[in-house]
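Some notes on the structure that comes next.
The values are calculated or read from the model by the stated rules, or taken from the named source; none is laboratory data. What you are looking at is a predicted structure, and each value in this text was computed from that prediction instead of being measured. No Cβ is skipped: glycine too gets one built from the backbone with ideal geometry, and neighbour counts run over all protein chains shown. Accessible surface areas use protein heavy atoms only, side chains included; no ligands, DNA or RNA. Shrake-Rupley method; radii C 1.70, N 1.55, O 1.52, S 1.80 Å.
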Amino acid sequence: MTQNSKWLLAAKQYPSTTLLIGLSALGWLMVSTNYSFSVRHLSFTYGGDYWRLLTPIFLHFGIVHFTFNSIWLSMLGSRIENLMGSIHLTLLVLLSGLISNLSQFWWSGAPNFGGMSGVIYSLLGYLWIGNILAPRAGLALPQGIFGFMIGWLFLCMTPLLPAVFGVGIANAAHVGGLLCGMLTGLAFGVVLRFRRES
């Protein structure tokens, strides 16, 4: 099987995950080629342009930012999409994107932020809590992933990474996303556990 065939197979198997990565790539390209347009039309706002409550999750400020988020999205999103379905994953992303964006704006008051990492932390929290309450082999996180990501969360809260990369980090989006994912994981975990026991 050629590399192109593998990519096509993965895209067919995980359409929502693939679409989210594609939209993130588009967001990175838009920021890279026309920053002012991207910020003016896609950054967070409360009023009027309602799509801007969600669009910041697709804006990526550099290739490292995009690549890092895409790797985690493919790892976590594909697990959920494979077992729970594309609509389930899409609804989780919409909810967690909204909550993480609102959290960041509420905390910072600044609209110019972006990235999928709040959603990624939500998917992490969802998988972690959901799998504790209603274990499913395909949803289990690889060993050490949760600890690494929580360590990264705290590292991002220090001045080290902004100093190294020269950009701010949307820590409130990370925390808001994680809490959102834990709560949705709790809700779905309880429902699945109840169904198994009834």
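Per-structure values
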quantity	calculated
S74-L141 pseudo-label distance in nm [points 7 Å out on the Cα-to-Cβ vector]	2.1 nm
Calculated diffusion of segment 33-79, Stokes-Einstein form, Kirkwood radius summed over Cα pairs, 4 °C and 1.567 mPa s, µm²/s	108 µm²/s
Compactness of segment 56-116 - radius of gyration and Dmax, Cα, Å	12.8, 37
Degrees separating the helix 3-13 axis from the principal Cα axis of the chain, which is the longest one	70 degrees
Separation of alpha-carbon centers, segment 127-198 and segment 1-74, rounded to whole Å	20 Å
Degrees separating the helix 171-197 axis from the principal Cα axis of the chain, which is the longest one	20 degrees
Per-peptide average of other Cβ atoms within 10 Å, ordering 80-92, 6-18, 168-180 highest first	168-180, 80-92, 6-18
Long-range amide H partners of H60 with built H, under 5 Å	W28, V31
Accessible area of segment 1-71 belonging to carbon and sulfur atoms, whole % at 1.4 Å probe	71 percent
Phi-based couplings in Hz for segment 31-36 (Karplus 6.51, -1.76, 1.60; Gly and Pro marked x)	5, 5, 9, 8, 4, 4
Normalised per residue, the volume of the convex hull around the Cα set of the chain (Å³)	136 Å³
Segment 73-149 - Kirkwood radius from inverse mean 1/r over Cα pairs (Å)	13.2 Å
Accessible area of segment 1-112 divided out per residue, in Å², using a probe of 1.4 angstrom	56 Å²
Computed label-point distance, nm, for sites V191 and S108 using a 7 Å Cα→Cβ extension	3.2 nm
Helix 145-156 vs. the chain, principal-axis angle (Cα, 0 to 90°, nearest 10)	20 degrees
Contact order normalised by residue count of the chain, Cα under 8 Å, 6+ apart, percent	23 percent
Carbon and sulfur %, accessible surface of segment 129-169 computed with the full protein complex present, 1.4 Å	74 percent
